[in-house]
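Chemist: Provided herewith is a single structure, encoded as structure tokens, for subsequent inquiry.
The values are calculated or read from the model by the stated rules, or taken from the named source; none is laboratory data. Just so you know, these numbers come straight off a predicted model, no measurement behind them. Every residue, glycine as well, gets a Cβ built from its backbone with ideal geometry; the counts of neighbours run over all protein chains shown. What goes into the accessible areas is simple: the full protein's heavy atoms, side chains included, and nothing from ligands, DNA or RNA. Shrake-Rupley method; radii C 1.70, N 1.55, O 1.52, S 1.80 Å.
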Amino acid sequence: MAAFLEERKMHSPIPSMSSAKRRSLLRRAAWLCAALVLVVISLSAFLRQSNAGLGCTPWPACHGRAALGESPPEAAGPAQRGARAVHRVTASSLLVLLLGMAALAWIPRPRADSEGRQILLALGLVLFLAVLGPFTSGSRVPAVTLGNLLGGLVLFAVCVRLALRPSPRQAPTGPPLGRWAWAALVLLLLQMALGGLISAGYAGLSCPQLPGCRPGAANWQALDPWQVPGAGAGLPQYAGGVGVQWLHRLGALAVLAAVLALALVAWRAGRRKAATALAALVALQTEVGIVLALGALPLGVALAHNLLAALLLAAVATLLPGTRALSPGL
């Protein structure tokens with residue numbers, strides 16, 4: 001039997017590769033994957049925000065026109081056309097890279113089962129985003145924007161987690177750290193969903209002041225992801241967006257507390273670099289959110305807010321409980 005298996009290995013069309021070398025290649029490819037996803041996320045945010053009229057003139061009338069379905073002149077400008085072209089090329093390259101990673105993880109023996117499952121998850125997210133893509137341009141249904149936003153952010157977190165996955169020699173994440181990481185991750189996803197509803201529902205100017213944002217019974221329209229923004233959306237003091245803004249600001253406090261608690265637990269567990277990164281990212285994200293609210297949604301700050309959300313989600317995802325490394329196949 002051993003001679004038969006050895007003969008099969010010698011005549012196999014797939015060259016043999018050590019588990020360590022394959023894991024190293026997968027991690028390098030995962031870093032490239034994360035970089036490509038970050039480009040796609042940034043370009044998607046730029047296209048979404050610029051098409052919504054952020055930063056256009058005259059402000060904020062152009063933002064209100066966008067809520068009524070009118071595209072601002074800047075939406076068809078050279079910056080947007082170039083961003084769309086780079087977005088398509090990068091997204092196509094990402095799909096090819098993930099297919100290659102899946103083949104590297106699953107075809108040779110032993111199979112990289114845990115890495116392979118994460119790669120399949122990333123492939124599923126890419127395909128989901130590809131299906132959603134044709135409906136994204138020009139769509140005024142918030143659910144479409146929300147799916148695009150959350151899909152891209154989770155995809156980035158999966159790639160970073162795969163790239164930074166601990167080796168088998170490292171101790172797995174302990175229960176306290178894992179529980180705090182899951183709690184922070186769930187809160188972050190909920191907070192990002194609320195942020196996506198604010199953007200897609202043109203509710204960014206509903207509460208220009210930090211205190212005093214108290215919703216009433218008629219202030220929750222923007223919380224419905226299937227409801228197209230109504231009259232007044234995109235303008236200052238838009239009543240329908242007060243509720244989602246109020247929830248988003250409460251969520252910011254919850255996320256700040258949860259992530260700082262996670263950073264403290266990670267520090268005590270010896271993960272000091274991760275703890276420092278978490279504390280810095282959540283503090284910076286909070287400050288950027290305040291500037292975004294008080295500064296009437298400047299485009300550059302809005303893009304930075306989106307980018308920091310992706311980095312913060314990925315930083316939390318790296319502290320989730322680990323999975324098995326390469327498992328021997330037959």
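Chemist: Filter the stretch 173-224 for residues that are within 17 Å of Gln285 (Cβ to Cβ), assigned to a loop (DSSP other than H, G, I, E, B) and either out of contact with any Leu (no Cβ under 8 Å at 6 or more places or on another chain) or open to solvent by less than 60 Å² (accessible area, probe 1.4 Å) (or both) and give the result.
Modeler: Gly204 - this is the single residue of the stretch 173-224 that is within 17 Å of Gln285 (Cβ to Cβ), assigned to a loop (DSSP other than H, G, I, E, B) and either out of contact with any Leu (no Cβ under 8 Å at 6 or more places or on another chain) or open to solvent by less than 60 Å² (accessible area, probe 1.4 Å) (or both).
Chemist: Give me the residue from the stretch 121-161 that is of a type in the set (A, V, I, L, M), within 18 Å of the chain's Cα centre (by Cα) and farther than 20 Å from Leu307 by Cβ and, out of that set, modelled with the lowest pLDDT.
Modeler: From the stretch 121-161, those of a type in the set (A, V, I, L, M) are 121-123, 125-127, 129-132, 141, 143-144, 146, 149-150, 153-155, 157-158, 160; that's our starting set.
Still in the running and within 18 Å of the chain's Cα centre (by Cα): 121-123, 125-127, 129-132, 143-144, 146, 149-150, 153-155, 157-158, 160.
Among the residues that remain, those that are also farther than 20 Å from Leu307 by Cβ are: 121, 123, 127, 130-132, 143-144.
Values: Leu121: 92, Leu123: 92, Leu127: 90, Ala130: 86, Val131: 85, Leu132: 82, Ala143: 88, Val144: 87.
The selected residue is Leu132.
Chemist: I need every pair where a residue in the stretch 298-322 that is within 22 Å of Tyr202 (Cβ to Cβ) has its Cβ under 6 Å from the Cβ of a residue that is of a type in the set (Gly, Ala, Ser) and crowded, with 22+ Cβ neighbours inside 10 Å, sequence separation at least 6 or different chains.
Modeler: Short answer, once both residue conditions are applied: Leu303/Ala45; Asn306/Ala45.
Chemist: Here's another thing I want to ask about it. Which of (1) more than 24 Å from Gly152 (Cα to Cα); (2) in a loop (DSSP other than H, G, I, E, B) is the odd one out, the single condition Leu320 does not satisfy?
Modeler: Tallying (1) more than 24 Å from Gly152 (Cα to Cα); (2) in a loop (DSSP other than H, G, I, E, B), Leu320 fails exactly one: (1).
Chemist: Can you tell me which of (1) of a type in the set (A, V, I, L, M); (2) over 20 Å from the mean Cα position of the chain (by Cα); (3) on the phi < 0 side of the Ramachandran plot is the one Ala296 doesn't meet?
Modeler: Exception for Ala296: condition (3).
Chemist: Which members of the stretch 103-114 meet the condition of being crowded, with 17+ Cβ neighbours inside 10 Å and at pLDDT 85 or above?
Modeler: Scanning the stretch 103-114 gives a single hit, Leu104.
Chemist: Here is a follow-up. Pull up the stretch 225-246, narrow it to residues that are buried (at least 21 other Cβ atoms within 10 Å of the Cβ) and aliphatic (A, V, I, L, M), then point me to the one that is nearest to Ser50 (Cα to Cα). Can you show your working first?
Modeler: Step one: filter the stretch 225-246 for residues buried (at least 21 other Cβ atoms within 10 Å of the Cβ), giving 229, 233-234, 238, 240-245.
Checking which are aliphatic (A, V, I, L, M) leaves us with 233, 242, 244.
Values: Ala233: 16, Val242: 22, Val244: 21 Å.
Filtering the stretch 225-246 for residues that are buried (at least 21 other Cβ atoms within 10 Å of the Cβ) and aliphatic (A, V, I, L, M), the one nearest to Ser50 (Cα to Cα) comes out as Ala233.
Chemist: Run down Gly230, Gly234 and say which single residue is without any contact (Cβ under 8 Å) to a residue 12 or more places away in the chain and not in a helix (DSSP H, G or I). Reasoning before the result, please.
Modeler: Details: Gly234 fails: without any contact (Cβ under 8 Å) to a residue 12 or more places away in the chain.
Exactly one of Gly230, Gly234 is without any contact (Cβ under 8 Å) to a residue 12 or more places away in the chain and not in a helix (DSSP H, G or I), namely Gly230.
Chemist: Going through the stretch 247-276 one residue at a time, which ones are open to solvent by 20 Å² or more (accessible area, probe 1.4 Å) and within 23 Å of Ala143 (Cβ to Cβ)? Spell out how you get there, then give the answer.
Modeler: Let us first name the residues in the stretch 247-276 that are open to solvent by 20 Å² or more (accessible area, probe 1.4 Å), namely 247-250, 252-254, 256-257, 260-261, 264-265, 267-274, 276.
Once the filter is applied, which keeps residues that are open to solvent by 20 Å² or more (accessible area, probe 1.4 Å) and within 23 Å of Ala143 (Cβ to Cβ), the stretch 247-276 yields Leu247, His248, Arg249, Leu250, Ala252.
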